[in-house]
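Scroll down for the structure; my scribbles are underneath it.
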Amino acid sequence: MPKMPVPPKNPPVFGQVQPSPFAEARFGQANHPNKAARPAGVARDRLLMLLQQGLGLQRDGKFLEAERFYQMVLQQAPEMPEANNLMGTIAMEAEDFSTAVEYLEKAVAGLPRDPLIRHNIGSALMSLNDLHAAIGHFRKALEIKPGQVETLGLMATCYNRMGRSSDALPLAEKALRMDEGNVTARMAKADGLINLGRMDEAVIYLKQSIAAGIAVPRAFQSLAAARKFSADSEELAAVKLALSGDGFSEEEKSSLHYAAAKMSNDAKLFDAAMEHYLAAKAVSAKAYDIGSYERRIDSFSNFFNPLFFGARQNHGDPSQKPVFIVGMPRSGTTLTEQIISSHHDVAGAGELAEMTAIARSLGDNPRSQDRYLARLSALSVEESRALAQRYLKFIARTSLDAARITDKMPHNFEHVGLISLLFPNATIIYCRRDAIDNCLSCYMNAFSEAHAYNTDLAKLGRYYRAHDRLMKHWQKVLPGRILENVYEKLVDDQEGQSRKLIAHCNLEWDPACLNYTENDRSVTTISRWQVRQPIYKTSMKRWKPYEKYLGPLIAALGDLADTE
């Protein structure tokens with residue numbers, strides 16, 4: 001193997017794309033289609049001065065002060081697109097992407113031919129996982145102003161997340177021909193290669209990025225996920241060397257720690273691995289209100305009772321096309337989808353955010369369920385069928401011909417009640433795994449900030465208990481609807497469990513389901529390396545070498561923890 005290059009001592013700082021570089025305003029444009037929304041003369045000049053002052057503050061990281069200036073403008077000109085654009089970027093900085101979209105939709109309405117605003121709303125929609133809508137805006141931005149490298153990179157990233165990496169790669173490569181150092185495009189290309197199972201190419205490409213000092217932390221993290229490593233691997237030595245140097249932000253150090261942890265775990269250097277995991281979590285840890293989440297779960301258990309479903313037997317659509325694969329992250333949902341989607345009558349759509357989007361459209365909010373549950377109580381037959389049609393139209397983008405289409409968004413376990421209301425004949429499969437193994441596997445991975453429960457072992461254990469409590473409730477009030485697919489049973493008896501999965505989908509058996517590693521669909525989740533391999537037993541009881549660190553997790557899991 002060629003010698004691993006040593007990262008430069010002071011590499012350029014690269015992290016996730018932030019909205020702040022797009023916090024610009026196209027002041028003074030003459031193509032505003034809504035004259036009533038555009039203040040004229042002196043008034044407009046004064047408002048533009050306020051926006052410029054706010055923009056200066058925003059560029060200095062003074063977001064609250066900047067917001068005050070933008071709000072002053074919006075009080076006088078609520079539809080002014082430049083102000084709505086900048087408020088949208090402030091909301092993005094606060095990671096309130098739903099609010100960002102509300103502001104940016106007003107900005108787009110006022111300046112539909114502005115490529116920057118199109119880019120911004122695409123970025124916000126992407127953060128909400130509304131990938132089809134995001135791509136629509138990115139495409140518009142590129143029609144208006146071709147050759148925007150960052151927009152091309154983000155569009156490629158969207159296609160990767162949608163499982164369409166064959167569409168992502170040409171976009172990423174086009175962007176790189178214009179700017180070979182663009183981080184978004186480089187990572188999109190690497191992710192596309194990994195998603196398509198082209199691991200050797202991805203490894204070479206990622207090493208080239210590291211050698212060039214481009215996106216070093218993220219390249220190391222992706223490299224670590226692409227294959228297995230030994231204790232004497234040059235890659236492990238290189239990532240340790242990178243961690244000992246200067247020039248990286250805290251977020252980038254977190255990526256390096258995740259890479260070092262994964263490589264150390266591969267090499268069975270368990271103490272070193274946990275040291276790196278703890279360091280990564282210390283950087284990424286955020287406050288998570290686990291008590292609020294437990295109350296959310298309890299509200300669903302109280303609301304969705306047999307009387308609710310009994311009074312709504314005519315609701316929804318009779319289609320059998322959707323197959324919902326739910327469970328905790330890292331519980332075997334990707335493997336399960338890979339097996340089922342190997343069937344000749346099944347298309348795998350991956351993790352879809354559409355059911356969550358439907359719930360949000362009805363008022364669901366992680367902080368409060370009252371409005372959502374009231375709306376569900378009043379939902380008419382016609383409304384339920386319209387929502388079901390919305391979902392069916394969405395999944396038709398994956399395939400028009402497939403008899404079944406899988407949606408393996410794990411956190412749809414929260415929405416089983418809504419799913420059952422909209423699709424009384426849909427297949428629901430619950431993936432369950434040994435609680436300690438499942439939680440440790442979650443802890444070992446860098447999840448998005450929406451999953452901040454994953455940064456603390458005790459909260460992670462309580463979160464698992466809440467999920468388990470809700471799944472037991474669904475099985476009680478929806479008897480016979482949900483097939484429990486236990487990961488350990490699948491590993492022990494691949495054919496027997498696979499046959500049960502296919503039968504539960506109301507399909508004839510297809511021997512191709514036993515050869516799921518030959519399924520050439522793009523896999524975009526953390527499990528993308530593992531699902532290219534035959535079923536293996538090394539992930540069972542993998543928590544044992546880490547037992548001395550897992551006291552808070554085991555205590556929080558209580559009777560769900562099998563410590564034998």
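Quick note: the coordinates plus some simple rules give every number you see, no bench work behind them. Since the model is a prediction, treat every value here as computed from it, not as a measurement. Quick reminder, even Gly has a Cβ in these numbers, built from the backbone with ideal geometry, and neighbours come from all protein chains shown.
Between Leu440, Ser244, Gly153, whose Cα lies farthest towards the positive end of the dipole of the chain when Lys and Arg beta carbons carry +1 and Asp and Glu beta carbons carry -1, centred on the Cα centre? Comparing the listed Cα positions along the dipole, Gly153 ranks first.
Per-residue 3J(HN,Hα) values for segment 76-91, derived from phi via the Karplus relation 6.51 cos²θ - 1.76 cosθ + 1.60 with θ = phi - 60°, read 8, 9, x, 9, 4, x, 4, 5, 5, 4, 5, 5, x, 6, 5, 4 Hz in sequence order (x marks Gly and Pro). Amide H contacts of Ala347: Arg404, Ile405, Thr406, each under 5 Å away and 5 or more positions distant or on a separate chain (H built 1.01 Å from N in the peptide plane; Pro and chain starts excluded). For the chain, the relative contact order comes to 14 percent (Cα pairs under 8 Å, sequence separation of at least 6). Considering only Ala219, Ala353, Ser380, the residue lying farthest towards the positive end of the dipole of the chain is Ser380, judged by Cα position with unit charges set on Cβ. Here segment 166-244 and segment 410-468 have alpha carbon centers that stand 29 Å from each other.
Taking the DSSP beta bridges in segment 292-560 as the whole, what percent of them are antiparallel, to the nearest 5?
On the way: 1 of 17 bridges.
Approximately 5 percent, going by the DSSP bridge assignments.
Ranking request for peptides 191-202, 368-379, 267-278: highest mean number of other beta-carbon atoms within 10 Å first, then the rest in descending order. Let's see the in-between values first.
Numbers: 191-202: 21.2, 368-379: 15.2, 267-278: 17.7.
Ranked by mean Cβ neighbours within 10 Å, highest first: 191-202, 267-278, 368-379.
Checking (1) 24.4, 77; (2) 24.8, 83; (3) 23.5, 70 against Rg and Dmax of the Cα atoms in Å calculated from these atoms, the matching label is (1). Placing +1 on the Cβ of every Lys and Arg and -1 on the Cβ of every Asp and Glu, with nothing else charged, gives the chain a dipole about its Cα centre of roughly 480 debye. A protection proxy built from the mean count of other Cβ atoms within 10 Å ranks the segments 46-59, 324-337, most packed first, as 324-337, 46-59.
Sequence-distant contacts, meaning Cα pairs under 8 Å at least 6 residues apart, place the relative contact order of segment 292-560 at 30 percent.
Peptide packing: for 61-74, 217-230, the average count of neighbouring Cβ atoms within 10 Å per residue gives the ranking 217-230, 61-74, highest mean first. Each DSSP beta bridge with both residues in the chain is either parallel or antiparallel, and the antiparallel ones are about 5%.
Each of Pro511, Gln389, Pro552 was placed along the dipole of segment 292-560 (beta-carbon charges, centred on the mean Cα), and the one lying farthest toward the positive end is Pro552.
Would you mind working out the magnitude of the charge dipole of segment 292-560 relative to its Cα centre, with +1 at each Lys and Arg C-beta and -1 at each Asp and Glu C-beta, to the nearest 20 Debye? The partial results should precede the final answer.
On the way: 35 positive and 30 negative charges, 112 e Å.
So the dipole magnitude of segment 292-560 works out to roughly 540 debye.
Between amide H atoms placed 1.01 Å from N, distances below 5 Å from Asn485 occur with Tyr430, Cys431, Arg432, all of them 5 or more places distant or on a separate chain.
Hey, with R₀ at 51 Å, roughly what FRET efficiency would Lys548 and Gln76 work out to, going by the Cβ-Cβ distance, to 0.05?
Details: r = 62 Å, r/R0 = 1.22.
Between Lys548 and Gln76 the formula returns 0.25.
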